[in-house]
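Peer 1: Okay, handing you the structure first.
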Amino acid sequence: MAETDKQHRIGVALIIAAAVAWSTAPLFIRLLPLDSWTIVFWRGLFGAGFTAAVLVLTQGRAALRDLVRMGKSGWLVAILSTMGMVSFIPALQLTSVSNVAVIIATGPFVAAGLAWIWLREAAGWRTLLASAVALGGGVIIVGNSGTESDFLGIALACFMTLAISAMTVTVRRHKDTPMVAAAALSNLLGSLVGIPFAHGIAAVTTVDLAVLAVFGFFQVGLGLSLFMLGSRLLPSGQATLIATLETPLMPFWVWLAFQEVPAVRTLLGGAMVMGAVIADIVGDIRAQAAKGTRSAPP
């Protein structure tokens, strides 16, 4: 029981760290005067290099076996992740950061629904309630916005959320799949997919390459690796719920770097999302502690 509780806490910490890394995407995109597919190419290339380096440093030659022998589940995870990644950057460029953030906030519902259909994994009432509150906070962020939203950007954000939710459930179902290797492959696939559509692969400056390198290493490679590792230790709905911390943090980084003061609705909605996630985490920790107390020998 103690080992299970420890793994659960590690899973929560990994997903929180992944959400922080993922939330920096709008910041990097604002810094890059490039088309979407050029960013996808270079970000994927650097992300693949980072995750491959992590594999080699931590596993040595075994990392090569992981990359070659991932099996069907590993390829499925990599493909779903690639689909999510190649949709994310165009979505951020075609519609507002807030719109993308609110769609991401629906992830817990999507993941919980897919987990119930595939794994018959029913989410707890606390996670469902927290998901509803998080969704409400995301709606407030977008609500009454005065900007025109591009339907293609919104559609891409919806597709990304579906792909990442399906990836989360797949990771939960196939815990023995080498997930970091799948993350490396997904970044490489994303880079390859971007080649035919990119207009400025060879026109990037040294400064652009430096930003793209940090983008790929930190936001993509590290974030995805942490999320895949954490998803193995948590129920799918809860893992995706914790990842919605990305929602309020996305406009926060833009404010911090470009002094764009978020609207009152963004602050209120962000507080609801973060409050829901924190409440679910604290409630789950208390529930786990109560179980441990009841199961302890007298």
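The values are calculated or read from the model by the stated rules, or taken from the named source; none is laboratory data. The structure presented is a predicted model; accordingly, all values stated were derived computationally and were not measured. Here Cβ is always computed from backbone atoms with ideal geometry, including for glycine, and neighbour counts include all displayed protein chains. Surface accessibility is based on the protein's heavy atoms, side chains included, excluding ligands, DNA and RNA. Shrake-Rupley method; radii C 1.70, N 1.55, O 1.52, S 1.80 Å.
Peer 1: Of the residues R43, R30, R9, which single one is open to solvent by 20 Å² or more (accessible area, probe 1.4 Å), in a helix (DSSP H, G or I), among the charged types (D, E, K, R) and closer than 17 Å to Q219 by Cβ?
Peer 2: Selected residue: R30, the only one of R43, R30, R9 that is open to solvent by 20 Å² or more (accessible area, probe 1.4 Å), in a helix (DSSP H, G or I), among the charged types (D, E, K, R) and closer than 17 Å to Q219 by Cβ.
Peer 1: Separate question: Just checking: which of the helices (runs of 4 or more DSSP H) contained wholly in segment 194-261 hold 2 or more residues that are open to solvent by less than 10 Å² (accessible area, probe 1.4 Å), over 22 Å from L129 (Cβ atoms) and touching a Phe, Trp or Tyr at 6+ places or on another chain (Cβ under 9 Å)?
Peer 2: Output list reads 223-231.
Peer 1: Condition check: under 19 Å from the mean Cα position of the chain (by Cα), of a type in the set (G, A, S) and farther than 16 Å from A21 by Cβ. Does G237 satisfy that?
Peer 2: The answer is yes for G237.
Peer 1: Restricting to segment 140-155, name every residue that is within 26 Å of V86 (Cα to Cα), at pLDDT 75 or above and surrounded by 15 or more Cβ atoms within 10 Å (Cβ to Cβ).
Peer 2: G153, I154, A155, listed by residue number.
Peer 1: Right, A53: in a helix (DSSP H, G or I), of a type in the set (A, V, I, L, M) and in contact (Cβ under 8 Å) with a residue 24 or more places away in the chain or not?
Peer 2: For A53, the condition - in a helix (DSSP H, G or I), of a type in the set (A, V, I, L, M) and in contact (Cβ under 8 Å) with a residue 24 or more places away in the chain - is not met.
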